[in-house]
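The values are calculated or read from the model by the stated rules, or taken from the named source; none is laboratory data. Computed from a prediction, not measured in an experiment: that's the story for all the values here. Quick reminder, even Gly has a Cβ in these numbers, built from the backbone with ideal geometry, and neighbours come from all protein chains shown.
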Amino acid sequence: MSAEPEFQSREAKRIWADFSARLEWTYRDLPREERDEAIAEAQMHVLEACADAQGTGEADRLNAAIRRFGPLARRPSRWRVPAALALQYGAILAIGTLAFLTLALAAMMIAEIFNPSGVGLWVFPDGDWSLSFNRQAGGEEILGTWFIPVMMVVCAVLAGVIYGVHRLALGERNPLSAWKTGPNDAAS
Amino acid sequence: MTPKDDVLERWISQARKGYFEMLLLSRLQAGRAYGYQIVASLKRAPGFEALAEGTIYPVLARMKKDGLVTAEWVATDAGAPRKYYTTTAFGADVLTEMRRVWKRMGDVLDNQGMDS
């Protein structure tokens, strides 16, 4: 059912092929029959608009008609797929790790209530330090009663980082969203 | 752009979404039409002058699913077939109700019926 216009210029043929490919991509989530109809309908529309458009050449008129039709999704470059996937899986890994760390610190805050002399941030004479549930021989606990407030601040910061990573890498506009965008429903 | 333009543009964008289907139904009640014809009519409505023409198709598809319109491909002398849309009885009924709401809104805006 798709339209096969007979453009004369190579430029117009290229623009038409690009427009058709973008239509295919935009409507890719529709069932086959609906997609073919939607593409054919859009192509007929642009061909008619092209015939009515002002311009010196057919490429200019076709461009004008496509502009009036409105924005269409463009298939992203193939090389971006692995990069986006790596970023997304990296974000999932980072969120998991940070969430585990946050939970561990939260567990230490609870343990601090029951074992205040053991749980803490221990610093050793050689400069090493350790977050521990148990008293560390040779080490000095430096936070004391500030342990819970400090850990609460650290947990809040970690939660903020988790939220930020989620927004950037897994939210609605995540790097993979370009591959998931359906046709625009945009009376906007 | 002045603050007034900014507010008006935002309001028109919201309002346009609200009465888009009513305008489409209204156009189709005047007679069956295909996409390009519908767009030409629609562009005469305030707020629709710069309408991205492709945006009507997802809305028409949704209206078809809702049973407000039907569509059929019709062969033309020019060669390429066109998809014509027609309102259904249900669509006409919905349009009547939409117009009633629209009229009431107009009455309220004219300060009539504020107390009713």
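Some values worked out for this structure:
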read-out: Filter result for A:Ala106 (small (Gly, Ala, Ser) and either in contact with a strand residue (DSSP E or B) (Cβ under 7 Å, 6 or more places away or on another chain) or modelled with pLDDT under 90 (or both)); value: no
read-out: The one condition in (1) under 30 Å from A:His166 (Cα atoms); (2) surrounded by 16 or more Cβ atoms within 10 Å (Cβ to Cβ); (3) aliphatic (A, V, I, L, M) that A:Leu85 fails to fulfil; value: (2)
read-out: Candidate set: the range B:29-41, residues that are over 19 Å from A:Cys50 (Cβ atoms) and within 12 Å of the chain's Cα centre (by Cα); chosen: the one nearest to the other protein chains (Cβ to nearest Cβ); value: B:Ser41
read-out: Selection count, the range B:7-39, where residues are under 23 Å from A:Met44 (Cβ atoms), out of contact with any strand residue (DSSP E or B) (no Cβ under 9 Å at 6 or more places or on another chain) and loosely packed, with under 15 Cβ neighbours inside 10 Å; value: 1
read-out: From the options A:Leu121, A:Leu158, residue that is touching a Ser or Thr at 6+ places or on another chain (Cβ under 7 Å), at pLDDT 90 or above and either away from chain B (no Cβ under 14 Å) or loosely packed, with under 13 Cβ neighbours inside 10 Å (or both); value: A:Leu158
read-out: Selection within the range B:53-73 - assigned to a helix (DSSP H, G or I) and either out of contact with any Asp or Glu (no Cβ under 6 Å at 6 or more places or on another chain) or modelled with pLDDT of 90 or more (or both); value: B:Glu53, B:Gly54, B:Thr55, B:Ile56, B:Tyr57, B:Val59, B:Leu60, B:Ala61, B:Arg62, B:Met63, B:Lys64, B:Lys65
read-out: Test: B:Thr76 is at pLDDT below 90 and hydroxyl-bearing (Ser, Thr, Tyr); value: yes
read-out: Flag if B:Gly47 is of a type outside the set (S, T, N, Q) and touching a residue at least 12 places away in the same chain (Cβ under 8 Å); value: yes
read-out: Tally, over the range B:89-113, of residues that are among the β-branched types (Val, Ile, Thr) and either buried (at least 17 other Cβ atoms within 10 Å of the Cβ) or touching a Cys at 6+ places or on another chain (Cβ under 8 Å) (or both); value: 1
read-out: Hits in the range B:1-28 (condition: of a type in the set (Ser, Thr, Tyr) and more than 10 Å from chain A (Cβ to nearest Cβ)); value: B:Thr2, B:Ser26
read-out: The range A:22-43, residues that are in contact (Cβ under 8 Å) with a residue 40 or more places away in the chain and under 17 Å from A:Arg67 (Cβ atoms); value: A:Arg22, A:Leu23, A:Thr26, A:Gln43
read-out: Lone qualifier among B:Thr76, B:Thr87, B:Thr55 - being more than 9 Å from chain A (Cβ to nearest Cβ) and within 15 Å of the chain's Cα centre (by Cα); value: B:Thr87
read-out: Some residue of the range A:65-75 being without any contact (Cβ under 8 Å) to a residue 40 or more places away in the chain, more than 10 Å from chain B (Cβ to nearest Cβ) and at negative phi; value: no
read-out: Pair list, Cβ < 6 Å and 6+ apart or interchain, from the range B:91-116 residues that are modelled with pLDDT under 90 to residues that are in a helix (DSSP H, G or I); value: B:Gly113/B:Asp107
